Amino acid sequence: MQITPKATSIRRAKLANLAAACALVIVCAAPLHAGHAVSATTLQRSTVTQTPGHPAQFRVVRSLCGSKGASHGNDFQIEDPKNEFHPAEDRQIIVYFEWEGPPGSQHAEGIWRSPDGKAMVTSDFDLASQGTHYTGYWTLAIPETIATGLWALEATIDGQPAGTQTFRIVSDRSAAPTAAGPPPPPSPGEVYQRASAASVFVTSLDAEGEPITRGFGFFVDKNSVLTAFQVVDGATSLRIDFADGVRTVVYDVVAWNRPADWAILKVDSDKVQPLERAAPDSWRVGDLCYVLTSQGQGSRTIQSVSLTGLQGSTKSSQRLTLSEFGGQGILGAPLLDRYGRVIGLLSGGLAGMGSSRMGNWTAYLDPGQGITAIADLTVLPLAQIPPGLASQPASTLADLATHGALEKPLPQVSQVITGSFCEDFRRVGDDFMPLRTTRSFSRARGNLALVVAWAPLNKLKGMQQLRVYDLNNQPVLQTTPSKIELQPRVTNTSAWKLPLASVPPGIYRVDVLLNDEPQWREFFQLVE
């Protein structure tokens, strides 16, 4: 559909009693007034001024639980991380947190909640620190009569939520089992070794061989690497970096699903053992898991996380949410259960994301490696990817681009510095100002408005245009191209209004193009 924009211009506590004893120990960045400190370390990062009457904001860096732990110098370590406890075998539950927050004096509280949601034990204390890094743990003794089900420890600091860790109390195992129980899970180090050996870095390259996006991938079948579609999107070729340092370039994609955000690549390798798949119903909310991530420069690290919830109304659209952890979730990374089996793929989906050259997520620059994509902590269950796809014929990236399956990548340096969806805009001198910014529009109102600001480094002139695409990268409508002339280092604005009454409800992408090359993109939602 070809349309003409309506407007275009260029310018510029106390401890409650439980049936069993509950002990509290806290480790922090400086000694506690209450005398509960096990160790004291100071980590100076930044200075934050705390305004009286406004509580400090604390961010959970990591949380996990187990039944055994020990102090090692200034650190405390959970020795048997797990999220399932048996009263006959486990005598206590230790819940460990790491936080970042402003220095000063705070008041912390932990509430143990039983499966019915009741607050069974509440512990509070005062703490003070000159640093910004805090670690602490609570210990709960397990009586034989403790209620089974999903428990939680809710932490607050100065009355503000400071993290929730869930765990499960299950019925005692039979004293005389008729068959051998499941084998004990491997150590985190063993899980790391298997996952690291089966993982690769996937870097998408443009036509000049320059990096566009960098993410993870991992072998799920012989010669088949699973990654997020966003890591592949826009690529002319894909650079694969193996764990042993070997590097190769591939061009073939076996299968893909753009809206669900996954792709299977053909990567020949007889030496890599694929990761084992977890059974579709083998995991539950509250389970302890592992996620592979990176600290840059080709490193691979493993982090403990917990499954904290589900998103999506049906299993076919289901996504898993994870607890926060001390690292960055990289697109294409595997989520593993305690046995190192793959539960799912870290991928954000393609709807409702931000704008960047990478398209749809936060990112950081890994020197010499390109842009690394940082995913929101959501996971696509592996069960949603049909089995047996590895044996079907592959398509080249060139074929995908020809048939419109790949979007054009944004340039390394865009000529657009900002863009805003809005309900309307008004002229201010020679420029436009967005009014009532939003990314959700109604067909009943009929129009979408957009204002972008240009700031080129060099003099440019040509044709500007908007194109709207659906989640399958198929064009839905576009504006008639109009002339534009830009002066170096001068900020100018352009504004459009698009009629949407004939477009079905859904999620759509808008590209702002200059001379047929995209300079900015963003997603919006259209409802009735």
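The values are calculated or read from the model by the stated rules, or taken from the named source; none is laboratory data. Only a predicted model underlies this, so the values are computations on that prediction, with no experimental measurement involved. Quick reminder, even Gly has a Cβ in these numbers, built from the backbone with ideal geometry, and neighbours come from all protein chains shown.
For segment 146-167, a residue qualifies if it is within 23 Å of P102 (Cα to Cα) and either among the polar types (S, T, N, Q) or not assigned by TED's automatic domain parsing to the domain that holds R113 (or both), and the qualifying residues are T156, Q160, T164, Q165.
The residues of segment 289-301 that are modelled with pLDDT of 85 or more and either in contact with an Asp or Glu (Cβ under 7 Å, 6 or more places away or on another chain) or among the aliphatic types (A, V, I, L, M) (or both), listed by number, are C289, V291, L292.
The residues listed here are V249, V267; of these, the one that is surrounded by fewer than 18 Cβ atoms within 10 Å (Cβ to Cβ) and among the aliphatic types (A, V, I, L, M) is V249.
Among the residues making up segment 79-96, those that are crowded, with 21+ Cβ neighbours inside 10 Å and under 28 Å from the mean Cα position of the chain (by Cα) are P81, N83, I94, V95, Y96.
Considering G286, G234, the condition of being under 18 Å from E407 (Cβ atoms) and part of a loop (DSSP other than H, G, I, E, B) is satisfied by G234 alone.
If the condition is being modelled with pLDDT of 90 or more and either part of a helix (DSSP H, G or I) or surrounded by 19 or more Cβ atoms within 10 Å (Cβ to Cβ) (or both), then segment 386-404 contributes L397, A398, D399, L400, A401, T402. Applying the criterion of at least 2 residues that are out of contact with any helix residue (DSSP H, G or I) (no Cβ under 6 Å at 6 or more places or on another chain) and not hydrophobic (A, V, I, L, M, F, W, C) to the strands (runs of 3 or more DSSP E) found wholly in segment 437-528 leaves 440-442, 460-469, 475-479, 482-486, 492-499, 506-514, 517-527.
Among the criteria (1) in contact with a Leu (Cβ under 7 Å, 6 or more places away or on another chain); (2) at positive phi, the one G104 does not fulfil is (1). The residue list T145, T132 contains one member that is of a type in the set (S, T, N, Q) and closer than 16 Å to I169 by Cα, which is T145. Would it be correct to say that D116 is in a strand (DSSP E or B), modelled with pLDDT of 65 or more, surrounded by fewer than 16 Cβ atoms within 10 Å (Cβ to Cβ) and of a type in the set (D, E, K, R)? Against the criterion (in a strand (DSSP E or B), modelled with pLDDT of 65 or more, surrounded by fewer than 16 Cβ atoms within 10 Å (Cβ to Cβ) and of a type in the set (D, E, K, R)), D116 does not qualify. Residues in segment 312-337 that are closer than 27 Å to D241 by Cα and modelled with pLDDT under 65: F325, G326, G327, Q328. So is I212 at pLDDT below 90, in a strand (DSSP E or B) and farther than 21 Å from P381 by Cβ or not? Spelling it out, I212 is indeed at pLDDT below 90, in a strand (DSSP E or B) and farther than 21 Å from P381 by Cβ. The residues of segment 196-207 that are of a type outside the set (D, E) and within 30 Å of E407 (Cβ to Cβ), listed by number, are A198, S199, V200, F201, V202, T203, S204, L205, A207. Scanning segment 415-464 for residues that are within 21 Å of A501 (Cβ to Cβ), of a type in the set (S, T, N, Q) and surrounded by 13 or more Cβ atoms within 10 Å (Cβ to Cβ) yields T438, S442, N447.
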